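Chemist: Mind looking over this structure? Questions follow.
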Amino acid sequence: MSTTNTSQAKFVWYDLMTSDTKAAESFYKSVVGWNMQDAGMGGPPYTILSAGTIMVGGLMQIPEEARAMGARPGWNGYIAVSDVDDYAGRVVAAGGTIRRPPEDIPGVGRFAVAADPHGAGFFLFKGNTEAQPAPPVAGTPGHVGWHELHAGDMESAFAFYSGLFGWTKAEAIDMGPMGVYQTFATGGTPIGGMMTKMPEMPVTCWLYYINVEAIDAAVTRINEAGGKVLMGPHQVPGGSWIVQGLDPQGAMFAVVSTQR
């Protein structure tokens, strides 16, 4: 969970805030195969999620104050920046909001909770150390392989994020009545896509696609573990297969694989 020049403006961490941590741990261990261990940081329990020996994210109980304000189970993505306080100011100047001002995670780094002008949330993050393992090969199981924004308005959302992070437009896919799906890149590498959300999507949000070895087997595991498949299996341009679903606590997630 660190940021270097090579990770600037990339997603570098993911965590799940949930209503039942033990049940969520069991579900994702079964579906994704993550290894799990307590972070040992003191304070509220935080479970580290690892793909093999590489830490990819965390899992924690929804804080009581957030739950009282109506927070629901959901995944969050952390975007690496050079200065959290500076970027928090940039978010506000660009029309977004800061939901939790910059603060330190002792021994780890500094973060802030932000939202774009249409309400989709994300975290700003700067680690205390420059050490970082080499990025995994694309498609490696257990790592997030795609980042998808269901935006209030795709064009203005892209302007917001590109202005903040320097993301560039890659391929634009015409989906007919569903509008344009705009893929975006950082450092020349496509890392995600944006689209104006469909009416059935209740709120604007980021959706994270976790790599799995094969999509049909993942669907079986989702169903057996008490999750719900919302969409798919569906083949997307480029040949990969995707599934969108809900975990047993109601958090939306997705999986992706090159293998059916």
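Chemist: Which of 191, 140, 233 sits closest to the plus end of the dipole of the chain, meaning its Cα is farthest towards the positive end, when Lys and Arg get +1 and Asp and Glu get -1 on the C-beta?
Modeler: 233
Chemist: Which whole-number value in Å² is the accessible area per residue of the chain, probe 1.4 Å? Mind showing how you got there, number by number?
Modeler: Working: 12220 Å² over 260 residues.
Ligands and nucleic acids excluded, the result is 47 Å² per residue.
Chemist: Looking at segment 1-158, what % of its DSSP beta bridges pair antiparallel, to the nearest 5? Show your work: numbers first, answer last.
Modeler: Working: 28 of 36 bridges.
The antiparallel fraction comes to roughly 80 percent.
Chemist: Oh, and also: For 221, 100, write out the residues from largest to smallest accessible area, computed with a 1.4 angstrom probe and no ligands counted. All intermediate terms of the calculation are to be shown ahead of the outcome.
Modeler: Values: 221 70, 100 95 Å².
Ranked from most to least accessible, the order is 100, 221.
Chemist: Could I ask something else about it? Given R₀ = 25 Å, FRET efficiency for residue 82-residue 168 by Cβ-Cβ distance, to 0.05? Please report the intermediate quantities before stating the final value.
Modeler: Numbers: r = 18 Å, r/R0 = 0.74.
About 0.85, to the nearest 0.05.
Chemist: Sorted by packing (mean other beta-carbon atoms within 10 Å per residue), highest first, where do 119-126, 60-67 land? Walk me through the numbers on the way to the answer.
Modeler: On the way: 119-126: 21.8, 60-67: 14.2.
Ranking, from highest mean packing down: 119-126, 60-67.
Chemist: Between 101, 136, 202, find the one with the highest GNM mean-square fluctuation for the chain; connect C-alpha pairs within less than 10 Å.
Modeler: Largest GNM mean-square fluctuation: 202.
Chemist: Lys and Arg at +1, Asp and Glu at -1: add these up for the other residues within a Cβ distance under 11 Å of residue 182 and post the number.
Modeler: Details: positive: 169; negative: 148, 155, 171, 174.
So the environment of residue 182 carries a net charge of -3.
Chemist: Quick one: length gained pulling residue 220 to residue 54 fully straight, 0.36 nm per residue minus the C-alpha distance? Write down the numbers at each step before the final one.
Modeler: Values: separation 166, 0.36 × 166 = 59.76 nm, distance 2.56 nm.
Using 0.36 nm per residue and subtracting the Cα-Cα distance, I get 57.2 nm.
Chemist: Divide by every residue of the chain the summed helix terms, -39500 (n - 2.57) for each DSSP H run of at least 4, and state the resulting mean residue ellipticity at 222 nm, rounded to the nearest 500 deg cm²/dmol.
Modeler: So the helix-based figure for the chain works out to -5500 deg cm²/dmol.
Chemist: Within the chain, what whole-number % of the accessible surface is contributed by carbon and sulfur, with the 1.4 Å probe and all protein chains included in the calculation? List each step's numbers first, then the result.
Modeler: On the way: 6690 of 12220 Å².
Carbon and sulfur atoms account for 55 percent of the accessible area of the chain.
Chemist: For the chain, what's the relative contact order in percent, using C-alpha pairs closer than 8 Å and at least 6 residues apart? Mind showing how you got there, number by number?
Modeler: Details: 589 pairs, mean separation 48.1, N = 260.
Worked out over the chain, it gives 19 percent.
The values are calculated or read from the model by the stated rules, or taken from the named source; none is laboratory data. Only a predicted model underlies this, so the values are computations on that prediction, with no experimental measurement involved. For neighbour counting, all protein chains shown are included, and Cβ atoms are generated from backbone atoms with ideal geometry for every residue, glycine included. Accessible surface is based on the protein model in full, side chains and every heavy atom, while ligands, DNA and RNA are left aside. Shrake-Rupley method; radii C 1.70, N 1.55, O 1.52, S 1.80 Å.
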